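Asker: Structure provided below as structure tokens; questions to follow.
The values are calculated or read from the model by the stated rules, or taken from the named source; none is laboratory data. What you see is a predicted model, and the numbers here were worked out from it, not measured in a lab. Virtual Cβ from ideal backbone geometry, glycine too; neighbours counted across all protein chains shown. Side chains are part of the model used for accessible areas, which takes the heavy atoms of the whole protein and leaves out ligands, DNA and RNA. Shrake-Rupley method; radii C 1.70, N 1.55, O 1.52, S 1.80 Å.
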Amino acid sequence: MRHQKAGRKLGRTSSHRNAMFRNMATSFFKHERIETTDAKAKELQKIAEKMITLGKKGDLHSRRQVLRVIHDKVVIRSLFDTIAPRYQDRNGGCTRIFKVGRRHGDNAPLSIIELVTDEKIEKPKKKSPDKKKK
């Protein structure tokens with residue numbers, strides 16, 4: 001039984017899984033949006049939220065902790081200088097996942113994970129049907 005064992009194995013060894021998520025996190029912060037499978041997106045969301053939280057602290061120790069996961073110094077600079085200050089007022093919830101359908105080759109469920117923007121998008125209100133005059 002898998003009691004008290006968090007996280008998905010995704011059919012990979014632990015070293016392969018760690019390397020894959022490091023690469024995905026680097027790409028995610030570089031492009032601020034990536035398309036991947038549902039399971040990988042849900043696992044990446046946990047890592048990305050932790051990196052943004054460390055970026056909001058902004059001290060040297062946090063920068064070194066992020067450096068353990070993301071090995072691209074340009075991406076780390078952008079995380080600490082531009083991405084993390086955007087979410088200074090938020091307590092989590094900096095990423096969102098959209099389900100976009102199925103992959104053509106193996107029918108795997110695909111999702112887009114992206115950083116949340118603060119722009120309020122208002123949905124157009126539905127017009128009530130006009131009552132016919134008699």
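Asker: List pairs: first in segment 55-79 and open to solvent by 40 Å² or more (accessible area, probe 1.4 Å), second charged (D, E, K, R), Cβ under 7 Å, 6+ apart or cross-chain?
Answerer: His71/Arg22
Asker: Assess whether Ala84 counts as being open to solvent by less than 100 Å² (accessible area, probe 1.4 Å), touching a residue at least 60 places away in the same chain (Cβ under 8 Å) and either under 18 Å from Asn23 (Cα atoms) or out of contact with any Cys (no Cβ under 7 Å at 6 or more places or on another chain) (or both).
Answerer: Answer is no for this residue.
Asker: So which residues in segment 101-134 are among the polar types (S, T, N, Q) and either more than 22 Å from Ile47 (Cβ to Cβ) or at pLDDT 95 or above (or both), if there are any at all?
Answerer: If the condition is that a residue be among the polar types (S, T, N, Q) and either more than 22 Å from Ile47 (Cβ to Cβ) or at pLDDT 95 or above (or both), then Asn107, Ser111, Ser128 are the ones that fit.
Asker: Do you know which of the residues in segment 19-45 that are out of contact with any helix residue (DSSP H, G or I) (no Cβ under 9 Å at 6 or more places or on another chain), open to solvent by 70 Å² or more (accessible area, probe 1.4 Å) and part of a helix (DSSP H, G or I) is nearest to Val116 (Cα to Cα)?
Answerer: Only one residue fits best here, namely His31.
Asker: Okay, moving on. Any chance segment 99-106 includes a residue that's in a helix (DSSP H, G or I), without any contact (Cβ under 8 Å) to a residue 24 or more places away in the chain and open to solvent by 90 Å² or more (accessible area, probe 1.4 Å)?
Answerer: no
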